[in-house]
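For reference, the structure discussed in these notes is given below.
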């Protein structure tokens, strides 16, 4: 399979003994426009990874006319069990900003562009059977595993209302949390409720990374998540596993990624030892 992005693979041992492994395709931050033909071809190729479940952590859109393109690119993936949340760029179109402002401390101010057709995207995904996790809970049975999902709307715009999904998991084999921006308030709330794993995006892996012994180092996460967790799978003590997707795209006004190539994650959930 020819790809213009990186495939990041990890094994996470959270399934009960005897359960079959589950291949989870996790993507984020497409920031699609109708003319991004290379990215559209990449999305179409992901079906060849043979996932059992698809998780999207938002920022599908970067253009007011791109919803049909997104649904077309994802057509075969939408035949699979899938869940999604939205990010800020699913609500508001990008606007030009100083690209170096991404590296500055977040002052809480947001520069918002025109409204995007969020509800068209939502209805298109739901019509194909995907579960909307924006401040909602849902359950899916994947292979022989019953999974409880809970998610929040975008924390970067303070649209998250975790209290609507709070509480310990009930009658499931695995509990998974999904959010776009991995702010610590979300991670801590899900950890307190004994979720097994959390999927997030938003960070672009730092977008600009510096060479560092053993690889590279993120300069920012664009939220309060520590920089060392800017991409990939990590775990701290008894907290849930966390996978942060470095995402596929960029703002149309700042198509710069340094030492943080576009990527998609394939997370193999397996039985714990």
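Quick note: the coordinates plus some simple rules give every number you see, no bench work behind them. Just so you know, these numbers come straight off a predicted model, no measurement behind them. Positions of Cβ are backbone-derived with ideal geometry, glycine not excepted, and every protein chain shown enters the neighbour counts.
Can you show me the helix-derived [θ] at 222 nm for the chain, built from DSSP H runs with n ≥ 4 at -39,500 (n - 2.57) apiece and divided by the number of residues, rounded to the nearest 500.
On the way: 4 runs with 35 residues, N = 273.
Theoretical 222 nm ellipticity from helices: -3500 deg cm²/dmol.
If neighbour count is taken as other Cβ atoms inside 10 Å, put 269, 49 in order from fewest to most.
Working: 269 28, 49 15.
Ranking 269, 49 by Cβ neighbours within 10 Å, fewest first, gives 49, 269.
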Exercise. What spacing in nm lies between the two simple spin-label points modelled at residue 50 and residue 119, each 7 Å away from Cα in the Cβ direction?
Worked result: 4.2 nm
For this session: Treat the count of other C-beta atoms within 10 Å as a stand-in for reagent exposure and order 203, 33, 168 from fewest to most.
Result: 168, 33, 203
For this session: At 25 °C and 0.890 mPa s, grab the translational diffusion coefficient of region 127-203 from Stokes-Einstein with a Kirkwood Rh over Cα pairs, rounded to a whole number in µm² per second.
Result: 196 µm²/s
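Return the percentage of antiparallel bridges among DSSP beta bridges fully within the chain, rounded to the nearest 5 %. Working shown, then result.
Numbers: 19 of 51 bridges.
Beta bridges within the chain, antiparallel portion: roughly 35 percent.
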Problem set entry | Proxy reagent accessibility, fewest Cβ within 10 Å first, across 130, 228, 241 | 228, 241, 130
For this session: Let me have the relative contact order for the chain, percent, based on Cα pairs under 8 Å that are six or more residues apart.
Result: 27 percent
Seminar exercise, completed: Per the C-alpha gyration tensor (a ≥ b ≥ c, the square roots of its eigenvalues), the chain is rounded if a/c is under 1.5, else prolate if a/b beats b/c, else oblate; here it's rounded
Seminar exercise, completed: Expected unfolding gain across residue 6-residue 127 under the 0.36 nm per residue rule, minus the alpha-carbon gap, is 40.6 nm
